[in-house]
1. At what distance in nm do the modelled label points of K312 and D363 sit from each other, each positioned 7 Å from its Cα along Cα→Cβ?
2. Say R0 is 22 Å: what FRET efficiency, to the nearest 0.05, do L455 and R79 get from their beta-carbon distance?
3. What list do you get for H235, H128 if you sort them by fewest beta carbons within 10 Å?
4. Could you give the nm distance between label points at K151 and T107, where each point is 7 Å from its Cα heading toward the beta carbon?
5. Give me the distance in nm between label points sitting 7 Å out from Cα along the Cα-to-Cβ direction at E320 and W189, one decimal.
6. Between T245 and I280, what length in nm is gained on full extension when 0.36 nm per residue of separation is reduced by their alpha carbon distance?
7. What FRET efficiency comes out for V338 versus C47 if R0 is 56 angstrom and r is the Cβ-Cβ distance? Round to the nearest 0.05.
8. Grab the Cα-Cα distance for A16 and L301, subtract it from 0.36 nm times how many residues apart they are, and report the gain in nm with one decimal.
Amino acid sequence: MIRENTHLLRKLLLVADICLIAFSFQLCLDDYLLLDPRPVRFAFFDCFMIVAAAVWGAILWSNPQCYSFRGKSSWQVYRATALASIKSAAVLLALLFYFDLPNLNRTDIAAFLSIGFFLIILERTALHWLLEYYRKKGYNQQNLIIVGSGKQAFIYVDAILNNPQWGVRPIGFIEIKEKPDAPFTTRMWSYKDIPCLGRLEVLPSIIKSRQVDWVVYTLDKGNVGLIEESFITCHQMGTKTALLTDIFPSVKSRRKTYEFMDHLMLVYDPGPPQNISLLIKGLFDRIAAGIGLTIMAPVMLLIAAAIKLTSKGPVFFKQERIGLNGKRFTMLKFRTMVPDADKLKASLLDKNEMSGPVFKIKDDPRITKIGKLLRKTSADELPQLVNVLKGDMSLVGPRPPLAEEVNQFDTWQRRKLSVRPGLTCLWQVRGRNNIDFQEWMKMDLEYIDNWSLWLDFRILARTIPAVITGKGAK
């Protein structure tokens with residue numbers, strides 16, 4: 001059976017990566033030394049070059065996505081390489097600062113990391129293009145058999161036929177019959193010139209007689225138990241096997257495999273992807289919250305004084321809210337209502353202007369004079385920067401609901417708890433209190449499904465004018 005020399009390609013590519021990293025190091029640092037002579041121990045530079053190449057190469061090697069090109073777009077390869085390079089840069093910078101290594105300035109290191117990353121991406125681009133070119137010509141192909149003849153099998157075949165650059169060639173279907181002793185029709189069928197080769201029991205003989213690199217089992221709710229023996233047989237014969245599942249077709253969450261106690265699980269994650277972007281978001285939240293509290297401290301002191309001088313009661317309003325995955329936390333706000341506001345709420349329920357479990361009314365009599373101004377400018381939310389600094393909240397995310405509101409959520413609305421709550425979100429820049437509850441929830445889920453750092457920055461940029469103009473505030 002012909003197989004792709006994947007391991008050899010990965011090793012050759014790793015060697016090329018290390019050479020490019022070493023070349024980038026020499027290009028940046030040796031060139032700077034010639035232009036600006038300094039007392040340098042060249043042995044130190046050689047040692048650090050070896051360490052840098054080893055660290056960067058090891059992190060690239062540890063991520064199979066950096067060396068896997070079949071069935072992947074250029075963007076997927078770039079993304080995996082970029083994430084590995086960011087990790088490498090962080091490790092190398094940590095080594096420099098921790099050991100206080102001499103004779104290396106920030107300009108040299110920045111140039112080395114930038115040029116190294118550029119050359120690796122250029123190398124990946126050339127190789128990706130070359131492999132796709134030859135696969136379209138019919139070279140470097142992997143033969144594949146599809147077990148099953150349902151809708152999912154045909155969708156999968158269509159995707160393969162529409163992407164010849166993947167280098168995958170479907171050579172036939174295998175039927176799954178509910179009853180092992182049921183007669184198999186002698187009339188063979190085909191789909192887009194790909195024939196049906198027989199039933200499950202003939203699969204081992206086909207693997208022996210033909211070049212088969214992959215066997216893909218298309219699963220549905222009715223045939224899981226029927227394919228187990230065939231799946232194990234293919235595995236014992238050394239053929240790569242894969243499961244294409246359509247057991248829960250309506251679930252659109254991100255899927256990933258996870259091994260727990262020697263058991264392989266297929267995980268459906270309704271929240272945003274757990275990647276480097278989420279780590280950057282968390283770091284940005286903490287840093288921005290710290291800076292914001294420092295800059296806004298004088299303003300917050302003035303607000304606190306105004307609240308204390310104009311009404312009785314505490315400066316801050318503390319309320320239990322529901323956060324990430326149902327975690328309870330105490331949210332802080334500047335007090336904008338009279339001290340016994342919660343007791344008065346029951347007498348105002350018939351005036352509620354919001355649908356669903358949320359309570360909001362225009363010209364709420366419980367709001368103080370200074371409270372109206374604070375709500376109009378959203379200045380009452382400033383203490384929540386403390387919640388962001390503690391990690392209970394984020395700058396951008398769905399607003400944290402009350403426990404009584406969560407208890408009244410529909411099933412689909414609870415998904416908003418799959419992310420950390422925030423100070424502002426899509427509702428803030430699309431009308432704030434001018435939208436009804438159902439639309440509010442849909443916006444929260446739209447944010448979750450389309451989350452990215454760029455979306456967060458866009459929301460933050462649009463929140464500022466929305467707050468200044470008081471658009472949609474009540």
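1. Taking the two extended label points, one gets 2.6 nm.
2. 0.85
3. Placing the least packed residue first, the sequence is H235, H128.
4. With each label placed 7 Å out from Cα toward Cβ, I get 6.3 nm.
5. It is 5.9 nm.
6. Full extension of this stretch gives 9.3 nm more.
7. 0.20
8. Difference between extended and current length: 96.7 nm.
Read the figures in this text as sums done on the coordinates, not as results from a lab. The shown structure was predicted, so the numbers you read here are calculated from the model rather than taken from an experiment. For neighbour counting, all protein chains shown are included, and Cβ atoms are generated from backbone atoms with ideal geometry for every residue, glycine included.
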